[in-house]
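Okay, structure first, notes after.
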Amino acid sequence: MSELFFLPDLRGIGASLPWTALMLLAAVLAGEAVQRWLRLPRLLGWSAVGALLGPHVLALLDRGALDAMLPLLDLALGVVLFELGQRIDPGWLRRNPWLLGTSVLESGLAFAAMCGVLLVLGAPPLVAAAAAAIGISTAPAVTLTLVRDLRAQGQVTERLLLLSALNTVYAVVAVGVLLSWLAREHAQDWQAAVLHPLYLIFGSLAAATVLAAATLALLRLLGRRHDAQFFCILALVATAVWAAEALKLSMALTLLGYGVAIRILDRDRLFVALSFGRVGGLLLILLFAVTAARIDVGMLATGAVAGGVLVAARVAGKALGVFALAPGSGLPLRKASLLALALTPMSGVALVLLHDTTRLYPQLGPSLAAIVISAVAILELLGPLLAQFALLRAGETAEERA
């Protein structure tokens, strides 16, 4: 035995470093630096650190480490979707049906534009339709993070949150319908083609309703104490994420529906307005960092042209839909242009939908992933910048209102 046996063995110490904790620390520091010195959204710093430390650049975090963080990633996305669902006001849609029309039109035109340009570029019809369906969604995590950081509120902000929630629902439904088409095309399975989207949509909504009813029953026992409700809701959101995975339902639709159902069913106002605070902030940092780390930059060269065209068509389709119905919905054209810019981000939900599609139909994997991942990589940078610019120019942030 060496006389200095008590000293640490530095050989291989790098393999045992807590890289996840170090990534979180680096992401926090990068986010603050980006916001303080460059006046850019913190989430760009979080994403940059994740991409840098991930397996495709420095490889300090390998696939195994990222896979081990997937439960936290799912919980983070679940919290975001639940909170976004809480922002959907059915009464507002009833009072102003033009808003619902705007959401349907901007999503529909974006889908048509994306699918059309990919077909022109020679993409197979199934790949073009799948990429367009996934591209309908606006990144809910980006919009909520920007609104929270900028303390934004106003006409553009509220419509942004509403449209983000609704077009996430449309994307989930469109992908579900597409999966049924794929079942018919590849397996000649008519039963799966009909029952799978029905199960995906109505099963997710049923699970959301059951969870909301159970939550309200628990809140009757807990009362309106903020701390007790916080832990209860966080635990139930984690349960909802697990249930969606176990039952093979749509996590996005289940969590959005859960948030909306509580708002609709809570006639006695049992649920207090919750802020997920530091815990939510921690989950958001991990969400952006891990999502960026999982993006395979090697696919960018393959799908760069198609991804760039998809982004341009998506922006044009959404802008046209927002402009077309802006006068009827009571939105001035200047603010309509800012709302169209704010709808640009696309990230976490798109990658979840991509994973779900390629898991069921791996034959679509390489070509579909190259297009979607290229588009997401482009919008990881441009999306938050354009959305922040739109909210600032709308005069709805804390600084602009002061």
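The values are calculated or read from the model by the stated rules, or taken from the named source; none is laboratory data. Computed from a predicted structure; not experimentally measured. Heads up, the Cβs are rebuilt from the backbone with ideal geometry, glycines too, and the neighbour counts pull from every protein chain shown. Keep in mind that these areas ignore ligands, DNA and RNA; they rest on the heavy atoms of the full protein, side chains included. Shrake-Rupley method; radii C 1.70, N 1.55, O 1.52, S 1.80 Å.
Quick look at the values:
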quantity: Top-ranked residue in segment 219-239 [being assigned to a helix (DSSP H, G or I), open to solvent by 70 Å² or more (accessible area, probe 1.4 Å) and under 19 Å from Arg263 (Cβ atoms); ranked as modelled with the lowest pLDDT]; calculated: His226
quantity: In segment 344-402, residue farthest from Leu44 (Cα to Cα) [restricted to those that are part of a loop (DSSP other than H, G, I, E, B) and β-branched (Val, Ile, Thr)]; calculated: Thr397
quantity: Single condition Tyr199 does not satisfy, out of (1) open to solvent by less than 50 Å² (accessible area, probe 1.4 Å); (2) under 23 Å from the mean Cα position of the chain (by Cα); (3) farther than 20 Å from Leu75 by Cα; calculated: (1)
quantity: Segment 48-96 - residue that is within 20 Å of Val322 (Cβ to Cβ) and at pLDDT 85 or above and, of those, surrounded by the fewest Cβ atoms within 10 Å (Cβ to Cβ); calculated: Arg95
quantity: Residue list for segment 212-243, filter: farther than 19 Å from Leu283 by Cα and under 21 Å from the mean Cα position of the chain (by Cα); calculated: Ala243
quantity: Where Asp356 falls short, out of the listed (1) modelled with pLDDT under 85; (2) closer than 18 Å to Leu121 by Cβ; calculated: (2)
quantity: For Thr344: the one exception among (1) over 18 Å from Ala165 (Cβ atoms); (2) in contact with a Lys or Arg (Cβ under 9 Å, 6 or more places away or on another chain); (3) not hydrophobic (A, V, I, L, M, F, W, C); calculated: (1)
quantity: Some residue of segment 202-216 being on the phi < 0 side of the Ramachandran plot, surrounded by 14 or more Cβ atoms within 10 Å (Cβ to Cβ), at pLDDT below 90 and of a type in the set (A, V, I, L, M); calculated: no
quantity: Where a residue in segment 231-243 is within 14 Å of Gly85 (Cα to Cα) and its partner, wherever it lies, is outside any helix (DSSP H, G or I), with Cβ under 9 Å and at least six apart; calculated: Ile233/Phe271; Ile233/Leu274; Ile233/Phe276
quantity: Some residue of segment 317-336 being under 17 Å from Val142 (Cα atoms), in a helix (DSSP H, G or I) and either modelled with pLDDT under 95 or open to solvent by 40 Å² or more (accessible area, probe 1.4 Å) (or both); calculated: no
quantity: Tally, over segment 94-132, of residues that are in contact with a Phe, Trp or Tyr (Cβ under 8 Å, 6 or more places away or on another chain) and polar (S, T, N, Q); calculated: 2
quantity: Selection within segment 352-402 - more than 28 Å from Leu339 (Cα to Cα), within 17 Å of the chain's Cα centre (by Cα) and open to solvent by 30 Å² or more (accessible area, probe 1.4 Å); calculated: His355, Asp356
quantity: Residue check, Ala301 at pLDDT below 90, open to solvent by 10 Å² or more (accessible area, probe 1.4 Å) and either charged (D, E, K, R) or more than 17 Å from Ala390 (Cβ to Cβ) (or both); calculated: yes
quantity: Matching residues in segment 334-371 - criterion: being farther than 20 Å from Gly176 by Cα and among the hydrophobic types (A, V, I, L, M, F, W, C); calculated: Ala336, Leu338, Leu339, Ala340, Leu341, Ala342, Leu343, Ala370
quantity: Residue list for segment 254-287, restricted to those being modelled with pLDDT of 85 or more, open to solvent by 30 Å² or more (accessible area, probe 1.4 Å) and among the β-branched types (Val, Ile, Thr); calculated: Ile264
